[in-house]
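The values are calculated or read from the model by the stated rules, or taken from the named source; none is laboratory data. What you are looking at is a predicted structure, and each value in this text was computed from that prediction instead of being measured. Cβ atoms come from the backbone with ideal geometry, glycine included; neighbour counts cover every protein chain shown. Quick note on the areas: whole protein, heavy atoms, side chains included, nothing else; ligands and nucleic acids left out. Shrake-Rupley method; radii C 1.70, N 1.55, O 1.52, S 1.80 Å.
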Amino acid sequence: DVALRLSGITKAYNLGTPGVVEVLRGVDLNLAPGEIVALVAPSGAGKSTLLHIAGLLDTPDAGSVEISGEAVSAQSDRVRTAVRRDSVGFVYQFHHLLPEFSALENVVLPQLAAGKARREADAQALALLDAVGVAHRAGHRPAELSGGEQQRVALCRALANGPAVLLADEPTGNLDPETAETVFASLLRLVRETGLAALIATHNLELAGRMDRQLRLDQGVLTVA
Ligand code: ADP
Ligand code: ADP
């Protein structure tokens with residue numbers, strides 16, 4: 001049973017005069033449902049590139065991506081967009097919430113886009129906000145929330161459609177250590193409860209050490225950290 005499988009992923013950027021930069025050089029990765037894996041690497045090592053390819057936001061030069069056993073990398077843009085919407089959740093360093101909408105609405109909107117009824121989407125959004133301790137802020141806009149609350153709402157939005165895979169790029173990188181801890185604890189608990197697979201890029205070795213496995217991206221290949 002595999003939630004996310006990357007096989008032989010390569011990606012190079014052509015930078016013109018200095019030539020080609022090979023960012024990923026044959027990346028293989030299997031994530032089982034319920035597994036939380038840390039991706040540790042210095043900046044510039046290709047973490048964002050890898051997460052974007054795993055989340056179908058970018059295409060590799062070679063190699064394949066499978067999500068929940070479905071080979072998605074070779075599918076049409078339309079299919080890939082649907083798989084991304086229904087099966088992949090993203091959390092970034094910055095929350096990227098929509099500023100004109102409330103916390104609740106930010107968690108409801110992706111569900112409406114996936115075809116869910118408003119009443120059902122509201123209930124799911126409220127349950128998620130409650131699970132991370134921000135239900136009392138449901139009616140507030142992102143600017144009215146603290147940094148920790150914003151990231152917890154972003155986490156709820158990522159999980160709103162019940163994805164098989166959560167991809168996070170430095171989800172606590174912008175937060176002070178205490179706030180980072182509350183956000184990370186919420187993330188761990190929700191991931192454990194829902195049984196999805198998570199790949200979490202972080203510079204924080206203490207947080208990485210609390211995940212199930214630690215992988216290092218080094219010279220374009222993944223190694224056990
Ligand atoms: P990380 O997330 O680990 O900091 P990135 O995946 O963002 O690393 O970038 C890896 C390398 O690829 C860097 O050298 C970066 O400059 C280069 N890179 C990333 N995206 C592009 C792009 N669109 N065009 C050219 N080079 C890029
Ligand atoms: P967290 O640990 O989640 O980051 P903080 O300690 O930063 O929380 O904030 C404590 C309380 O102050 C929270 O309930 C938060 O909603 C409120 N708060 C923080 N910043 C703002 C703001 N800019 N506007 C309104 N309320 C805020």
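When only alpha carbons of the range 15-112 are considered, Rg and Dmax amount to 15.9, 48 Å.
Applying 1/(1 + (r/R0)^6) with r as the Cβ-Cβ distance of Ser64 and Tyr13 and R0 = 22 angstrom yields a FRET efficiency of 0.65. Over the range 76-166, the pair-distance histogram of Cα-Cα distances with 5 Å bins from zero comes to 3, 16, 27, 26, 17, 8, 3, 1, 0 percent, rounded to whole numbers. Annotation: per residue accessible area for the range 64-162 equals 48 Å², rounded to a whole number [probe 1.4 Å, protein chains only].
Between the helical axis of 177-194 and the longest alpha-carbon principal axis of the chain there is an angle of about 90 degrees. Leaving out ligands, DNA and RNA, and with a 1.4 Å probe, what % of the accessible surface on the range 31-70 is carbon or sulfur? For the range 31-70, the apolar C and S fraction of the accessible surface comes to 48 percent. Taking max minus min of the alpha-carbon positions on each principal axis, the chain gives extents of 50, 39, 38 Å, largest first.
On the range 114-225, 50 percent of the accessible area sits on carbon and sulfur atoms, based on a 1.4 Å probe. Expressed per residue, the C-alpha convex hull volume of the range 93-225 stands at 116 Å³.
Under the simplified labelling scheme, the Thr81-Ala114 pair shows an inter-label distance of 1.7 nm, with each label point 7 Å from Cα along Cα→Cβ. Mean-square fluctuations from a GNM of the chain, with a 10 angstrom spring cutoff on Cα atoms, peak among Ser43, Ser102, Ser73 at Ser43.
The mean accessible area for residues of the range 1-55, using a 1.4 Å probe and ignoring ligands and nucleic acids, is 42 Å² per residue.
Computed from the C-beta positions of Val2 and Gln219 and an R0 of 25 Å, the FRET efficiency is 0.45 to the nearest 0.05. When the chain is described by a simple charge dipole with +1 on each Lys and Arg Cβ and -1 on each Asp and Glu Cβ, the residue from Ala117, Phe94, Gly195 located farthest towards its positive end is Ala117.
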